[in-house]
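I have placed the structure first, in the form of structure tokens, so that the comments after it can refer back to it.
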2 protein chains.
Amino acid sequence: MTLPTTMNALVLKHGGLSDAPRTGAAIDSLEPYLDYCPLPVPRPGPGEVLIKVRMASVNPSDLYFIKGEYGQPRVKGAAAGFEGVGDVVDGNGLYARYLKGKRVAFVGGVAGSGAWAEYIAVSAATCVVVKPAMRDEDAAGHVVNPVTAWTMFDIVRQSGSKSFIFTAGFSQLGKLMAGLARDHGYSMIAVIRKPSQAAHLQSLGAAHVLIESDPEFDARLAALCKSEKPRVLLDAVAGQRAADIFTAMPARARWVIYGKLDTAPPTIPETGQLIFMDKKIEGFWLTKWFKRASLIEKLKTLRGVQNRFISGAWKTEVVATVKLSDAMQDLPEALKLGDGKVMLVP
Amino acid sequence: MTLPTTMNALVLKHGGLSDAPRTGAAIDSLEPYLDYCPLPVPRPGPGEVLIKVRMASVNPSDLYFIKGEYGQPRVKGAAAGFEGVGDVVDGNGLYARYLKGKRVAFVGGVAGSGAWAEYIAVSAATCVVVKPAMRDEDAAGHVVNPVTAWTMFDIVRQSGSKSFIFTAGFSQLGKLMAGLARDHGYSMIAVIRKPSQAAHLQSLGAAHVLIESDPEFDARLAALCKSEKPRVLLDAVAGQRAADIFTAMPARARWVIYGKLDTAPPTIPETGQLIFMDKKIEGFWLTKWFKRASLIEKLKTLRGVQNRFISGAWKTEVVATVKLSDAMQDLPEALKLGDGKVMLVP
């Protein structure tokens with residue numbers, strides 16, 4: 001097969017981080033941030049594979065990133081998109097050539113070659129060969145959210161408590177976590193925005209839901225903290241509500257921040273709790289986990305994640321599949337459709 | 001020797017925590033919080049010793065405690081005071097009886113028997129036999145501050161950086177830490193309030209001082225963070241200044257809060273740093289350390305601490321010694337004298 005020399009991609013208009021006030025994951029138009037235009041097909045460097053993209057996922061982290069709000073600098077002129085699934089069509093190096101012809105899930109994008117394109121070049125070592133029984137829809141988003149859910153659930157398991165609190169509970173990550181919790185006998189206390197989300201999340205495995213607008217929120221939280229004794233707060237919001245939940249939690253609580261949907265910085269009401277109640281505030285970043293975890297730990301995690309999708313224990317809920325060439329116009333609308341995932345296809 | 005049945009003490013007027021707005025360590029009058037009055041001499045319970053107090057120290061934690069602002073509930077009618085030195089005059093249990101006649105340093109006070117009295121009953125296991133070469137002035141305050149300094153310095157040693165930042169740098173703890181840092185080849189960056197404190201703290205061992213009112217504070221801090229790469233912020237203040245220092249520190253910084261001199265809760269300006277820069281916020285409490293550390297670790301620490309005082313590497317700077325019977329009137333004035341310790345003697 002002869003490879004083309006150019007391809008189409010959604011390309012970053014700006015480099016670095018943004019100085020503008022943060023607006024979070026919401027996006028009304030891609031025009032300020034992206035162009036749909038031709039780029040040269042990337043050439044795999046040493047140890048890299050070239051992948052023909054089948055499907056790429058759209059995560060909140062992608063939206064933060066293209067707006068320059070993700071804490072990682074953008075590369076102007078590079079394709080956007082962190083994650084997807086595709087077929088390896090070329091490789092540079094022994095392992096890279098071994099992968100040729102295989103369907104792989106991949107994570108890329110920060111260093112200059114993105115998933116929202118027809119082709120992407122990534123390190124062969126970070127590719128995950130996808131079992132044939134797994135759907136593209138599940139494979140395209142099976143690293144960022146599912147591996148994050150799996151590894152953060154390990155934090156819960158090490159906490160010594162059979163309960164934990166999860167903010168932004170109706171996110172893709174929250175839904176994955178609900179199933180993990182139920183299947184392992186843990187009680188997930190999910191904080192959600194809309195009453196209409198409660199039943200579905202409970203059917204997926206959440207033991208308790210707290211609705212942000214509930215006037216009884218504080219009292220219900222206090223009662224659950226007393227009965228369930230959650231010690232981990234997994235938090236994508238990092239706002240004042242999360243700080244107040246953390247304050248209500250019992251001794252030895254850990255506030256693990258992995259996202260910042262809220263744009264206003266939180267105040268810690270009771271710093272004395274850090275001293276006398278042995279509480280801690282820290283972060284979680286999947287990239288860091290990938291750097292620190294052993295190869296065996298990674299393989300075990302990825303096998304566990306794939307098996308959950310193949311068995312049907314996890315299922316990616318897709319609300320829209322948008323063609324790359326239509327994305328400039330259709331993606332913002334698709335993202336407003338609801339609480340499932342949006343996929344991009346070349 | 002026949003023991004008396006009553007003694008004089010400074011006795012807590014209120015139980016529990018205070019609901020009033022916090023005012024910190026400053027104290028104008030003891031009247032609202034303490035009475036000087038007779039109490040029964042406490043009887044040692046199982047495993048406890050009775051100590052005839054020689055000298056008790058006045059720490060900021062004592063002042064927080066009597067005001068109900070220390071995070072630990074007061075016991076109404078009990079003697080105040082956490083720490084001192086004295087002679088064991090009675091014991092209940094094998095080890096307690098072995099200690100009879102020995103000079104010991106002790107920590108007590110929270111559970112109902114305090115050091116600001118003629119006698120105190122404490123657990124024999126928590127007493128530290130004091131070497132004869134050690135002065136009462138050094139022994140009376142040789143647990144809370146020096147052991148805290150020693151154990152917090154272990155956090156610095158484990159950080160992988162040869163530098164750390166210390167707020168409230170001219171405190172007793174700051175002075176002890178400066179000597180420890182210099183003698184072990186570490187660069188302490190001390191944050192202090194008054195320019196007049198700088199020279200003395202540097203002579204004790206601080207490598208750098210930052211003065212809070214310095215208009216160049218932020219620029220000097222940024223330069224030191226770049227050149228020294230401190231990874232630990234040891235902080236007794238827990239206010240916005242500390243939060244901003246933490247934000248200016250490099251990746252993997254830990255903000256270790258062990259006191260809260262500031263009464264306004266801090267805002268975390270950049271929660272993203274917890275995620276992407278692997279920063280952490282936590283607390284340190286000596287009581288927790290005492291519960292968790294092994295006996296060998298404790299003995300090693302206490303021997304190390306005593307040897308530093310005996311060799312003269314550490315010296316307790318006493319600005320006033322107040323008689324227990326004069327304390328209601330004289331203690332508030334003595335505490336305003338300056339930056340050394342105030343001692344109470346029966």
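The values are calculated or read from the model by the stated rules, or taken from the named source; none is laboratory data. These figures come from a predicted structure and were not determined experimentally. Heads up, the Cβs are rebuilt from the backbone with ideal geometry, glycines too, and the neighbour counts pull from every protein chain shown. Ligands, DNA and RNA are stripped out before the accessible areas are found, and what is left, the full protein with its side chains, is counted by its heavy atoms. Shrake-Rupley method; radii C 1.70, N 1.55, O 1.52, S 1.80 Å.
Residues A:Lys300, B:Lys323, A:Lys226 ordered from highest to lowest accessible area at a 1.4 Å probe: A:Lys226, A:Lys300, B:Lys323. In nanometres and ascending order, the distances from the B:Pro332 label point to those of the other copies are 6.4 (point 7 Å from Cα along Cα→Cβ). Seen against the Cα atoms of chain B and their longest principal axis, helix B:172-183 is set at about 60 degrees. Once the Cα atoms are used to define both axes, helix B:295-311 deviates from the longest principal axis of chain B by about 90 degrees. At the residue level, B:Glu297 shows approximately 90 square angstrom of accessible surface with a 1.4 angstrom probe and all protein chains present. Using Cβ point charges alone (K and R +1, D and E -1), the dipole size of the protein assembly as shown about the Cα centre works out to roughly 2340 debye. Helix B:217-228 and the long axis of chain B differ in direction by around 90°, with both axes built from C-alpha atoms. Shown for B:Arg252: label points 7 Å from Cα along the beta-carbon vector, and their distances to the equivalent points in the other copies, 2.7 nm in ascending order. Proximity of backbone amide H atoms, modeled 1.01 Å from N, is registered between A:Ser163 and A:Ser187, A:Arg231 at under 5 Å, excluding neighbours fewer than 5 places apart on the same chain.
A 1.4 Å probe, protein heavy atoms only, puts the accessible area of A:Lys131 near 80 Å². Measuring with a 1.4 angstrom probe and ignoring ligands and nucleic acids, B:Arg254 comes out at about 70 Å² accessible. Be a star and scan region A:266-296 for residues whose amide nitrogen sits under 19 Å from the point 7 Å along the Cα-to-Cβ vector of A:Asp154. The answer is A:282-296, whose backbone nitrogens lie closer than 19 Å to the label point. Specify the residue with the greatest mean-square fluctuation among B:Trp285, B:Trp116, B:Trp314, computed from a Gaussian network of chain B linking alpha-carbon atoms under 10 Å apart. Among B:Trp285, B:Trp116, B:Trp314, the largest GNM mean-square fluctuation belongs to B:Trp285.
Close Lys pairs in region B:123-231 (alpha-carbon distance under 26 Å; sequence gap of 8 or more, or different chains): 10. What a 1.4 Å probe finds exposed on the protein assembly as shown is 55% carbon and sulfur by accessible area, rounded to a whole percent.
Couplings 3J(HN,Hα) for region B:330-338, derived from phi with the Karplus relation 6.51 cos²θ - 1.76 cosθ + 1.60 (θ = phi - 60°), are 9, 4, x, 5, 4, 5, 8, 5, x Hz, where x marks Gly and Pro. Taking both sides together, the accessible area buried where B meets A is about 2500 Å² for a 1.4 Å probe.
Under 5 Å between amide hydrogens, built in the peptide plane, is the criterion, and for A:Gly108 it picks out A:Glu83 among residues at least 5 positions away or on other chains. Annotation: per residue accessible area for the protein assembly as shown equals 42 Å², rounded to a whole number [probe 1.4 Å, protein chains only]. Among A:Leu63, A:Leu94, A:Leu50, the residue with the largest mean-square fluctuation in a Gaussian network model of chain A, with springs joining Cα atoms closer than 10 Å, is A:Leu94. With contacts taken as Cα pairs under 8 Å and at least 6 residues apart, region B:146-287 reaches a relative contact order of 21 percent.
Only helices enter this figure: runs of n ≥ 4 DSSP H residues, each worth -39500 (n - 2.57), summed and divided by the residues of the protein assembly as shown, yield -9000 deg cm²/dmol at 222 nm to the nearest 500.
Note on region A:12-98: with charges restricted to the Cβ of Lys and Arg (+1) and Asp and Glu (-1), its dipole about the Cα centre is near 200 debye. Dipole check for region A:151-230: with +1 at the C-beta of Lys and Arg, -1 at the C-beta of Asp and Glu, and the Cα centre as origin, the magnitude is about 140 Debye. How would you classify region B:146-287 from its alpha-carbon gyration tensor, with a ≥ b ≥ c the square roots of the eigenvalues: rounded for a/c under 1.5, else prolate if a/b is greater than b/c, otherwise oblate? Since a/c stays below 1.5, the shape of region B:146-287 is classed as rounded.
Distances between copies of A:Pro215, taken at a point 7 Å out from Cα along the Cα→Cβ vector and listed shortest first: 5.4 nm.
How many angstrom separate the Cα center of region A:65-95 from the Cα center of region A:141-219? Region A:65-95 and region A:141-219 have Cα centres spaced 29 Å from each other. The listed residues A:Ser61, B:Ser123 rank as B:Ser123, A:Ser61 when sorted by accessible area, largest first, using a 1.4 Å probe.
Once a ≥ b ≥ c are taken as the square roots of the eigenvalues of the Cα gyration tensor of region B:267-346, is the result rounded (a/c under 1.5), prolate (a/b larger than b/c) or oblate (a/b not larger than b/c)? Verdict is oblate for region B:267-346. Of the three principal axes defined by the Cα atoms of chain B, the extents in descending order read 64, 42, 37 Å. Here region A:220-269 and region B:283-306 have alpha carbon centers that stand 31 Å from each other.
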